[in-house]
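J.: There's a structure below that I have some questions on.
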Amino acid sequence: MGKMNFAGIRIAFAFGLITMFPFTGNAQTAMPDMLQNGTLKEQMDFVQEKTRIYEDFRAIREDMFQKIKGNALDSLKAAKTEIKGLKKKNRKLKLKIDSLKASVGTIRADLEQMTKTKNSISLLGIEINKKAYNAVLWTIIVALAGFLTFGFLAYQRNHNVTAHTRKECEELKKEFEAYRKASREAREKMSMTHFNELKKLRGA
């Protein structure tokens with residue numbers, strides 16, 4: 001008698017879970033606003049908080065699962081697009097840095113050549129004091145060096161952002177795959193449990 005009562009309780013509980021979390025049909029309630037506008041982490045937390053656990057498995061509505069799946073794929077796509085854009089910016093910065101390095105090398109070569117000449121040079125027919133010329137030239141070099149440093153720091157920052165975004169993308173993908181696998185196993189076990197309970201009930 002005790003076993004039959006326990007089996008009846010389990011069937012009632014399983015039926016309650018299926019009633020509360022239908023997979024398809026018109027009985028589904030509207031999609032929660034959190035799954036429409038929340039971040040992926042907020043959506044995961046929402047599902048964890050709102051769904052129930054039965055025999056170590058969590059039941060989730062099919063439309064909610066598909067919504068979270070779509071949101072996760074959209075997030076992965078956006079992250080990949082952002083990484084692609086950052087890589088493109090990095091390539092442009094690298095080309096600019098190489099060009100600046102070549103310019104600085106040329107200027108330094110010119111400066112070394114000028115130090116071997118007389119104290120004054122002719123520029124457009126005007127004699128210019130060597131010290132004044134050197135001052136102007138070094139000002140240009142310092143400005144170029146500053147711009148080169150800025151470009152390198154920007155490149156380094158974009159590189160770090162790209163690496164961080166790629167890492168988050170991989171972690172998000174692994175987390176989603178684990179969540180999807182757990183959800184699928186939960187649905188399969190719940191379906192089998194429900195089928196077995198119905199079978200037992202019919203046999204009784």
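The values are calculated or read from the model by the stated rules, or taken from the named source; none is laboratory data. Please read these numbers as outputs of a predicted model, since none were measured by experiment. We place every Cβ from the backbone using ideal geometry, glycine too, and count neighbours over all the protein chains shown. Only protein heavy atoms, including side chains, enter the accessible area calculation; ligands, DNA and RNA are left aside. Shrake-Rupley method; radii C 1.70, N 1.55, O 1.52, S 1.80 Å.
J.: Restricting to region 90-121, name every residue that is modelled with pLDDT of 85 or more and touching a Phe, Trp or Tyr at 6+ places or on another chain (Cβ under 7 Å).
T.: Within region 90-121, 90, 93, 94, 97, 100 meet the criteria.
J.: Just name the residue that is modelled with the lowest pLDDT out of those in region 190-200 that are open to solvent by 90 Å² or more (accessible area, probe 1.4 Å) and not basic (Lys, Arg). Explain how you work it out, then say what you get.
T.: Filtering region 190-200 for residues open to solvent by 90 Å² or more (accessible area, probe 1.4 Å) gives 192, 195, 199-200.
From the residues that got through so far, the ones that are not basic (Lys, Arg) too are 192, 195.
Numbers: 192: 85, 195: 80.
For region 190-200, the residue satisfying everything is 195.
J.: Hey, another quick one. Going by the conditions given, is residue 177 part of a helix (DSSP H, G or I), acidic (Asp, Glu), without any contact (Cβ under 8 Å) to a residue 40 or more places away in the chain and on the phi < 0 side of the Ramachandran plot?
T.: Values: part of a helix (DSSP H, G or I): yes; acidic (Asp, Glu): yes; without any contact (Cβ under 8 Å) to a residue 40 or more places away in the chain: yes; on the phi < 0 side of the Ramachandran plot: yes.
For residue 177, the condition - part of a helix (DSSP H, G or I), acidic (Asp, Glu), without any contact (Cβ under 8 Å) to a residue 40 or more places away in the chain and on the phi < 0 side of the Ramachandran plot - is met.
J.: Anything in region 64-89 that is farther than 30 Å from residue 161 by Cβ and at pLDDT 85 or above? List them, or say none.
T.: Narrowing region 64-89 to residues farther than 30 Å from residue 161 by Cβ: 64-66.
Matches in region 64-89: 66 only.
J.: Restricting attention to region 166-189, report how many residues are open to solvent by less than 70 Å² (accessible area, probe 1.4 Å) and touching a Leu at 6+ places or on another chain (Cβ under 7 Å).
T.: So the answer is 2.
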